[in-house]
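A.B. asks: Here it is, the structure, as structure tokens.
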Amino acid sequence: MKNSNLYAAYLLMSSMILLGACSGSKQEEASMQDTTQVADTSSNQKREFTEFEFDKMMANFPKPMEIETEILKSGIKFEKVALNDLANASNYQTDAKKAINFGIYSVDLGYLAVFNKKQEAIRYLKTAREFAIALHAGEAFEREAGANIEANISNKDTLVKIADDVYYDSYSHIKSSNNLEIATLVVIGSWVESQFHALNSIREVPRDKKTDAVFNKIYENQLHLSNLLNVVNQFKGKAEFDALIPDMENLLTLYKSFKETSALQQDGAKKLYDSVAALRSKLIS
């Protein structure tokens, strides 16, 4: 009888331990689910904020073609050295490098289009197309450029329109595909290259009636750089952005040292050129 009672007590204790273990397991599982939900919510909120900052930036971001047109109107001559050599294209193997230099080559294409360098522009358009395809934006690119580039470029105005459209449609497609990082890198490349063209064009000439509009455009870009940094800072911790943030912040400080547009003269343009050229060198290397 004693043995029976001991056995019954043993079964009771075992059942209680097992129930306790199951209860603890369910509590742990529920806790893990709660933690995952909090992490997902936080991630979604951060993404929504980043999208908001990106859309706010692009709402007022200047078209690269605007500054290229002002360079032409100022009477400053075309300089091939302002372009990123197409021979460098094969060096860009990662998506980050392709995105940055898609932005750069797109601006170079615009520069060539504005100055009506048709044959050279076709070469840059083809390279930009290869990068767009690699970034999964080939369909958007083809929609604007068409399959037969040479046949679709009948005159300078057509070339300028294509150059403008393929850039915006391609980056918009990348952004709508929920790839904000790649879209941001495209914008970084295009912003740096358009500023490089502008500063290269006026660093050796005085500010006068002919060049005044170019100086004004350069000055205005301190705001656009500030907005761009607001987006870039959302990606801190990622190597491709961390490598650029310090240079971009230093460049913004230099831009802000000119308190009004009239304060930006030839000597200031030279300083800005040196900083932009150093950043660009990192992007195209």
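The values are calculated or read from the model by the stated rules, or taken from the named source; none is laboratory data. For clarity, every value in this text was computed on a predicted model and none was experimentally measured. With ideal geometry, Cβ positions are generated from the backbone for all residues, glycine too; neighbour counts draw on all protein chains shown.
A.B. asks: Tally time: how many residues in the range 201-220 are more than 15 Å from Lys73 (Cα to Cα) and in contact with a Phe, Trp or Tyr (Cβ under 7 Å, 6 or more places away or on another chain)?
C.D. replies: Qualifying residue count for the region: 2.
A.B. asks: Okay, next question. Among the residues of the range 154-209, write down those that are closer than 19 Å to Asp95 by Cβ and β-branched (Val, Ile, Thr).
C.D. replies: Val166, Ile174, Ile182, Thr184, Val186, Val187, Ile188, Val192, listed by residue number.
A.B. asks: Among (1) surrounded by 15 or more Cβ atoms within 10 Å (Cβ to Cβ); (2) in contact (Cβ under 8 Å) with a residue 24 or more places away in the chain, there is one condition Gly75 misses while meeting the rest; what is its number?
C.D. replies: Result: Gly75 fails condition (1) only.
A.B. asks: Here's a follow-up. Just to be sure I understand the filter: pairs with C-beta atoms under 6 Å, separated by 6 or more residues or on different chains, first member in the range 259-277 and under 14 Å from Gln222 (Cβ atoms), second member among the basic types (Lys, Arg) and at pLDDT below 95. Which pairs pass?
C.D. replies: Short answer, once both residue conditions are applied: Ala269/Arg203.
A.B. asks: Another question, if that's okay. Is the range 86-101 home to any residue that is within 26 Å of Val205 (Cα to Cα), assigned by TED's automatic domain parsing to the domain that holds Pro206 and either surrounded by 17 or more Cβ atoms within 10 Å (Cβ to Cβ) or over 17 Å from the mean Cα position of the chain (by Cα) (or both)? Before the answer, list the steps.
C.D. replies: To start, the set of residues in the range 86-101 that are within 26 Å of Val205 (Cα to Cα) comprises none.
Looking for residues that are within 26 Å of Val205 (Cα to Cα), assigned by TED's automatic domain parsing to the domain that holds Pro206 and either surrounded by 17 or more Cβ atoms within 10 Å (Cβ to Cβ) or over 17 Å from the mean Cα position of the chain (by Cα) (or both), one finds none in the range 86-101, hence no.
For every residue, the table says whether it meets (1) surrounded by 18 or more Cβ atoms within 10 Å (Cβ to Cβ); (2) in contact with an Asp or Glu (Cβ under 9 Å, 6 or more places away or on another chain); (3) modelled with pLDDT of 95 or more.
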site	(1), (2), (3)
His197	yes, yes, yes
Val205	no, no, no
Asp212	no, no, yes
Asn216	no, yes, yes
His224	yes, no, no
Asn230	no, yes, no
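A.B. asks: May I pose another question? Hey, among the residues in the range 157-185 that are surrounded by 14 or more Cβ atoms within 10 Å (Cβ to Cβ) and at pLDDT below 80, which one's farthest from Asn227 (Cα to Cα)?
C.D. replies: Only one residue tops the list, namely Ser177.
A.B. asks: Let me ask something additional. Using beta carbons and a limit of 6 Å, which pairs, at least six apart or on different chains, have the first residue in the range 146-168 and within 15 Å of Leu112 (Cα to Cα) and the second one at pLDDT 80 or above and among the small types (Gly, Ala, Ser)?
C.D. replies: As it stands, the answer is Leu159/Ala113; Leu159/Ala121; Val160/Ala113; Ala163/Gly110; Ala163/Ala113; Tyr167/Ser106, since those pairs meet every condition given.
A.B. asks: Suppose we filter the range 71-99 for residues that are closer than 27 Å to Lys126 by Cβ and in a helix (DSSP H, G or I); how many remain?
C.D. replies: Qualifying residue count, the range 71-99: 16.
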